[in-house]
Amino acid sequence: MSGGPAHVTGPVVGVLALQGDVREHLTALAAVGAVPRQVRRPEELAAVDGLVIPGGESTTIFKLAAAFGLLEPLRERVRAGLPVYGSCAGMIMLADKILDPRSGQETVGGIDMIVRRNAFGRQNESFEAAVEVAGVPGGPVEGVFIRAPWVESTGAAAEILAEHEGHPVAVRQGRLLATAFHPELTGDHRVHRLFVGMITEAGGATGADGA
Amino acid sequence: MSTPPSTPQAPETGTARVKRGMAEQLKGGVIMDVVTPEQARIAEDAGAVAVMALERVPADIRKDGGVARMSDPDMIDGIIEAVSIPVMAKSRIGHLVEAQVLQALGVDYIDESEVLTPADEVNHTDKWAFTTPFVCGATNLGEALRRISEGAAMIRSKGEAGTGNVVEAVRHMRQIKGDIGRLRALDNNELFAAAKELRAPYELVREVAELGKLPVVLFSAGGVATPADAALMRQLGAEGVFVGSGIFKSGDPAKRAAAIVKATTFFDDPKVIADVSRGLGEAMVGINIDVLPEGERYATRGW
């Protein structure tokens, strides 16, 4: 065999690496059998079977995505059915609408929901709590909420997978998944396994056919 | 829509994971010193991941002399009000009450900083006693681990703030990364002696030897003035950058701030760094460290 990997073991999953906790997502994805890749450029985005938008500052991630010509390609790939998972800032980026955006702040969109930034409060109110997530077997996950958003309201197509104190904190719509908390900061990779399963179902690269 | 089961456990605030995890969210980003709400908005609009609220930037603290203290609470409130990104503020080394006040004001991170005049020449603040996380400066691995053992949830190089000269930040970052590299090469028997030499707790020394990195996020600070400076610090291993006087002491702060943000993300792409470095106007005037009298060097404060 000449060139290219001899044996593709799992889908190639990008992590949007403009800013945020990229490394933790790369580690979690590798742990559940995906082939992780950093994505900072349109041509890198074009080469992935799925994408994670990490935790970070949503205003910063938006500005960098806009400045480096990633916003429209991201929207196009979401419209075309790319599986995407967003945690915290990533959840904000996947929301169709932000209740309290900074002036000019836009999202990629795709999930019919309105999110409220920093809804659980500032850093002093950041917390850990157990969260039951529908579709994640084996008991509650450790939810790490850091200046976290919550989902203010959802449209009919969005399915609420988890709530905390009455507020939706995990949502799925088709091939899009979003959590207000950070599974990547724990050693528990079940949410990433759920996401990689969504990619495989969607027909992302599997097996040894070498693509 | 189905109703998911309710969560079984009471939420817990101020955990080590929540404090350290906050810093993980800042990685790849730029934290900018600001002295007014207007500057804070310029920083946020330029893509800063957080702002550091202070009364005078380090360059002015140097120029004015005298005792440098925690900022006025009204000024901190004004900055918290002005932006949606996290707001940090500085307390003097060992000044427990300034730190308590900053926590009460609701800042998102406290910088126990050598840029302010130290309040205690022996003890740093017990940072485990706070819900608000702390970032502290370090010049080498032993100092970083002493701060972490006191509860710091994030470490930054000290550099030499307010000089516009990156040489000290480079020295500290190379020292910390070099110290970590040397630990990696030791066997388990040698780690005890290494801990003694580093004057740091054995458990932390062993953790660093295993991880090959600090157990908390490592940023660079002190003397960053250009996009290339920021990218240099990232290439040397910093996970993000603090910029103090370098932005608002320059000719076109908004443009320079946005350029430093872009260079921090594309730190390994010289074409991007070249593009963003064009037409930035005057950089801040620099000071050569070797002309600074010993008493005016901030990096020697703290231990």
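Readers should treat all values here as calculations from the given coordinates under stated rules, not as data from a laboratory. Quick caveat: nothing in here was measured; it's all calculated off a predicted structure. Ideal geometry is used to build each Cβ from the backbone, glycine not excepted, and the neighbour counts take in all protein chains shown.
Points to keep in mind about this one:
- The Cβ shell under 11 Å around residue B:230 holds other residues with a net charge of +2, Lys and Arg each +1, Asp and Glu each -1.
- Translational diffusion of region A:85-197, µm² s⁻¹ [Kirkwood Rh, Cα pairs; Stokes-Einstein; 20 °C; 1.002 mPa s]: 155
- FRET E, pair residue A:97, residue A:66, Förster distance 22 Å, beta-carbon r, rounded to 0.05: 0.80
- Each Lys or Arg adds one and each Asp or Glu takes one away; over the other residues whose Cβ falls under 14 Å from the Cβ of residue A:24, this sums to -1.
- Protection proxy ranking, peptides A:18-27, B:156-165, average beta carbon neighbours within 10 Å, highest first: B:156-165, A:18-27
- Over the C-alpha trace of region A:12-201, radius of gyration and Dmax come out as 14.8, 42 angstrom.
- Sum of -39500 (n - 2.57) over DSSP H runs of 4+, divided by residues of chain B (222 nm, nearest 500): -12000 deg cm²/dmol
- A straight chain from residue B:193 to residue B:104 at 0.36 nm per residue would run longer than the Cα-Cα distance by 27.9 nm.
- The modelled label-to-label distance for the pair residue B:291/residue B:16, using points 7 Å beyond Cα in the direction of Cβ, is 4.6 nm.
- Mean separation of Cα contacts under 8 Å (6+ apart) over length of region A:12-201, as relative contact order %: 20
- Formal net charge of residues neighbouring residue A:150 (Cβ-Cβ distance under 11 Å; K, R +1; D, E -1): -1
- Shielding of B:27-40 by partner chains, average beta-carbon count, 10 Å: 2
- For the protein assembly as shown, the ratio of Cα radius of gyration to the globular rule of thumb 2.2 N^0.38 Å stands at 0.95.
- Label point at residue B:207 placed 7 Å out along Cα→Cβ; residues across region B:128-156 whose backbone nitrogen lies under 12 Å: B:145-154
- Expressed to the nearest 5 percent, the antiparallel share of DSSP beta bridges inside the protein assembly as shown is 30 percent.
- Under 5 Å between amide hydrogens, built in the peptide plane, is the criterion, and for residue B:217 it picks out B:155 among residues at least 5 positions away or on other chains.
- With the helix formula -39500 (n - 2.57) applied to DSSP H stretches of n ≥ 4, chain A reaches a computed 222 nm mean residue ellipticity of -6500 deg cm²/dmol.
- Number of partner chain Cβ atoms within 10 Å, mean per residue of A:58-66: 5
- Across B:158/B:196; B:27/B:262; A:63/B:255, pairs whose alpha-carbon gap is larger than 20 Å: B:158/B:196
- Projected area averaged over orientations for chain B, convex hull of C-alpha atoms, nm²: 18.7
- As a rough guide to protection, the peptides B:188-198, B:134-144 ranked by mean Cβ packing within 10 Å, highest first, stand as B:134-144, B:188-198.
- Inter-centroid distance (Cα atoms) of region B:200-240 relative to region B:118-184, Å: 9
- Within region A:12-201, DSSP assigns beta bridges of which about 50% are antiparallel (rounded to the nearest 5).
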